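Engineer: I have a structure I would like to understand better, so I am pasting it below and will then ask my questions one at a time.
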Amino acid sequence: MFDIRCENTIAPSAGNNNPDGVTAAVGFRHTVRMPITFLALFALMTSTVAFTGQNDGLIDDFSSASDYSRLGTAWRLVTDRVMGGVSSASLSRREIDGHPALCMQGDVSLDNNGGFVQVNIDLARGGLFDASGFDGVRLLVRGNGETYNLHLKTSATSMPWQSYRAEFIADGQWREVYLPFSQFEPHRLVPALDRSRLKRLGVVAIGRVMRADLCIGEIGFYQRT
């Protein structure tokens, strides 16, 4: 047996910079006695896993009828309603010009301190994802001429409002977009992006009143040739 003493305070988030949800203020201090097997479970949950798809780095091309990506994790839709906002969105599978795609459509509102809709995916089940063998993120997208964000979460993004962000434009034709890791800027945190300790990827419409209409035909990591 061993003792864990927990002492922490988490500040509440605010504004439209928190596309992953809202955290209320919490303070606690207590001691818990846990069996030693908890250490093994904790190590498993925080371990780094290698890419589980093929070596081309593809996360998903949406060609499968399954709800799961090639990483074995599922896509999910999140809006600012998790923190009291009023933005709305829907997520659907479609085929456009012969391309199977995942499509997000909705309206972003700044009311009630909101301002985002997004589709995101965990990059590993119960651990971290090592993308150090790749140079960035590649997308095949089609949209409505708006600017969208791609957000990465890592082991350093302990607060819901923290992420690493890059922008891209999706027009009315299918386009390949390449976002090098060097282009991702830390948002409300200091450490530079560590590509070897990724947790989650999100495609986001954020920060202004807008109509979101974006389809993703492929998404994954790429290597420079």
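Engineer: Identify the residue in the stretch 194-225 that is basic (Lys, Arg) and assigned to a loop (DSSP other than H, G, I, E, B) and, among all such residues, is surrounded by the most Cβ atoms within 10 Å (Cβ to Cβ).
Structural biologist: Residues of the stretch 194-225 that are basic (Lys, Arg), as a first pass: 195, 197, 199-200, 208, 211, 224.
Still in the list and also assigned to a loop (DSSP other than H, G, I, E, B): 208, 224.
Values: 208: 13, 224: 8.
The residue in question is 208.
Engineer: I'm told residue 132 meets every condition in (1) touching a strand residue (DSSP E or B) at 6+ places or on another chain (Cβ under 9 Å); (2) in a loop (DSSP other than H, G, I, E, B); (3) of a type in the set (Gly, Ala, Ser) except one. Can you identify the failing condition by its number?
Structural biologist: The number of the failed condition is (1).
Engineer: Among the candidates 160, 191, single out the residue that is under 14 Å from the mean Cα position of the chain (by Cα), of a type outside the set (A, V, I, L, M, F, W, C) and either in a loop (DSSP other than H, G, I, E, B) or over 25 Å from residue 82 (Cβ atoms) (or both).
Structural biologist: 160
Bear in mind these aren't lab numbers, they're just calculated from the coordinates by the rules spelled out. Quick caveat, the model's predicted, so the values are computed rather than measured. Ideal geometry is used to build each Cβ from the backbone, glycine not excepted, and the neighbour counts take in all protein chains shown.
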